[in-house]
1. What pairs can you find where one residue is in region 104-133 and free of Cβ contacts under 8 Å to residues at least 60 places away in the same chain and under 13 Å from GLU7 (Cβ atoms), the other is among the hydroxyl-bearing types (Ser, Thr, Tyr) and surrounded by 13 or more Cβ atoms within 10 Å (Cβ to Cβ), and their Cβ atoms are less than 6 Å apart, with a gap of 6+ or different chains?
2. Under the condition of being under 21 Å from THR136 (Cα atoms) and at pLDDT below 95, which residue from region 68-97 is surrounded by the fewest Cβ atoms within 10 Å (Cβ to Cβ)?
3. Here's a check for you: in region 105-134, which residue that is in contact with a His (Cβ under 7 Å, 6 or more places away or on another chain) and assigned to a strand (DSSP E or B) is nearest to SER40 (Cα to Cα)?
Amino acid sequence: MGVGVMEVKLIGAKGLKRTDFLGKIDPYVVIQFRDEEYTSTTAKGRRPVWNEEFKFRVELPSLHGSDDNQNNYKIFLRVFDRDTCRKDDFLGQSTIYVKDLIEIGLEKGKADLGTQKFRVILNDLSYHGEIQVVITFTAKSEADQSEYLVEKENNGFFSWRRYL
């Protein structure tokens, strides 16, 4: 069994398309990997800069279903426009496949995707800008793995707590 931490650094985006004809956009990103989800701060404009880091615990084989399930190896970046009076507008999403990154990291101890740009698209595959991220996977040793215990939460999902 392999355990590690995947760090996603959300750098910024450019060319994000407005949903309102005259309005400005206040974009934020929901980052999801398996059952974990984080939300970035809200930025301003069509070229937002976040420079925020998010960490996800990775365990192989997965506790979240079959290890063959391709969604177990995808990071979803969903971009929204924050609205004060209405429901937030969906601007598009990027999907990043990280199975190879995780496998290399487990083998070598660490793997880095470096700064990459990904297309932000809608369900109809129309282009709505691009988002820039850095992804790093770091394997944990057996000693580090024993510091983590599994807890089951009320909603049925597993959470990880580190005990020293």
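The values are calculated or read from the model by the stated rules, or taken from the named source; none is laboratory data. Just so it is clear, the model here is predicted, and its values are computed rather than measured. Counting neighbours? That spans all protein chains shown, and the Cβs are built from the backbone with ideal geometry, glycine included.
1. LYS110/THR138; ASP112/THR136
2. Selected residue: GLN70.
3. Checked region 105-134; the qualifying residue nearest to SER40 (Cα to Cα) is VAL120.
For every residue, the table says whether it meets (1) among the β-branched types (Val, Ile, Thr); (2) at pLDDT below 95; (3) out of contact with any strand residue (DSSP E or B) (no Cβ under 7 Å at 6 or more places or on another chain); (4) in a strand (DSSP E or B).
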| position | (1), (2), (3), (4) |
| --- | --- |
| VAL8 | yes, no, no, yes |
| ALA13 | no, no, no, yes |
| LEU16 | no, yes, no, no |
| PHE21 | no, yes, yes, no |
| TYR28 | no, no, no, yes |
| THR41 | yes, no, no, no |
| PHE54 | no, no, no, yes |
